[in-house]
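Inspection log for the structure reproduced underneath, given as structure tokens.
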Amino acid sequence: MPGSFYIVSTPIGHLDDMTIRAINTLKSVAFIYAEDTRQTSKLLKHYAIKTPLISLHEHNELARIDEIISKLEEDLSVALVSDAGTPRISDPGDQIVPQLIERGIKIVPIPGPSALLTALVTAPFELREFTFIGFIPHQKKAQKTLFDRIKNYPGVLVFYEAPHRINATLKVMYEHLGSRLVSTARELTKMYETCETFTLSETFEIPSPKGEYVIMVKGFYGTLALPEDYLEHYEILRADGWSEKDAIKEVAHARKIPKNTVYMAVKNAKKESE
Ligand code: SAM
């Protein structure tokens, strides 16, 4: 019987978020493969875990596969951890795990923190449906391909971003998605944890962004198609909490019609209902 390959989630900030099962697993395996051994050794020290560490990062992941399989065939179990959160979720492990499964290795997940779900539960949106995108590509063409594919998605879109790129990313989102409602979760489980909601616009910026962020974008009005009538579209946005100005701008943007056309229609409708 070959050993098992454990995928162990670790804290995304607060060290107390390590589960008992995660600690026991890391103590019991023969080796721990870690994204950054220096980072993981701090965690191991905190929990008095003495298991030897071996580095496994995105650049050497596939080169490690034969070594891992030979350890497992010697009946040794090994664990995989990343710097924080759940391995494979925008982290190493994603190339190697499908290959291990193909070779009949037993994969054992040890659940725990991930910024994805921790952030989602703070969002002021219904969470019935969501999709995880992670980091957006840097090239304009790849960005367009991505956003063309997801812009009509009705559920919540979840992105990861580094602080030095967040404002550029919010701009790209505005260009492709229009003035959507966005919620950010920053420094989750840490001292400066902050959750904020705002509407994307041409000029919106987070002043001096610092720390780690998850960006959650409200889905496409909760319906797949644009309402036939653009006044109805406007009313849906208003009922969703959009300001009059943002709703007019968004309807015009989404339908590629002049803002003034929507503005006049809204004004006339108001007059008629008086
Ligand atoms: N595998 C990790 C997970 O399960 O969440 C994610 C690793 S990815 C390389 C790092 C990104 O996750 C950061 O850029 C940020 O977007 C998000 N992140 C990680 N920790 C976070 C935290 N404490 N607060 C907010 N976002 C966080």
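The values are calculated or read from the model by the stated rules, or taken from the named source; none is laboratory data. Bear in mind that the values here come from a model prediction, so they are computed numbers and not experimental data. Because the Cβ atoms are built from the backbone with ideal geometry, glycine has one as well, and the counts that use them run over all protein chains shown. Protein only, heavy atoms only, side chains kept; ligands, DNA and RNA dropped before computing areas. Shrake-Rupley method; radii C 1.70, N 1.55, O 1.52, S 1.80 Å.
Data for the structure
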item: Subset tally (residues that are within 15 Å of the chain's Cα centre (by Cα), surrounded by fewer than 18 Cβ atoms within 10 Å (Cβ to Cβ) and over 18 Å from L120 (Cα atoms)) for region 151-178; result: 2
item: Meets criteria (in contact with a helix residue (DSSP H, G or I) (Cβ under 6 Å, 6 or more places away or on another chain), modelled with pLDDT of 95 or more and open to solvent by 40 Å² or more (accessible area, probe 1.4 Å)) for F132; result: yes
item: Filter result for V217 (over 16 Å from Y174 (Cβ atoms), among the aliphatic types (A, V, I, L, M) and modelled with pLDDT of 80 or more); result: no
item: Residue, modelled with the lowest pLDDT, within region 116-127, restricted to residues that are assigned to a loop (DSSP other than H, G, I, E, B) and within 16 Å of the ligand (Cβ to nearest atom); result: A123
item: Tally, over region 202-218, of residues that are open to solvent by 30 Å² or more (accessible area, probe 1.4 Å) and over 11 Å from A123 (Cα atoms); result: 9
item: Residue count for region 1-25, restricted to those that are within 24 Å of A119 (Cα to Cα), of a type in the set (G, A, S) and over 25 Å from the mean Cα position of the chain (by Cα); result: 0
item: Strands (runs of 3 or more DSSP E) completely within region 1-115 that count 3 or more residues being without any contact (Cβ under 8 Å) to a residue 24 or more places away in the chain and surrounded by 13 or more Cβ atoms within 10 Å (Cβ to Cβ); result: 53-55
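Residues are listed down the side, and each one gets a yes or a no for (1) among the basic types (K, R); (2) modelled with pLDDT under 95; (3) not assigned by TED's automatic domain parsing to the domain that holds I89:
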position	(1), (2), (3)
M18	no, no, no
N24	no, no, no
Y33	no, no, no
D36	no, no, no
Q39	no, no, no
K50	yes, no, no
N60	no, yes, no
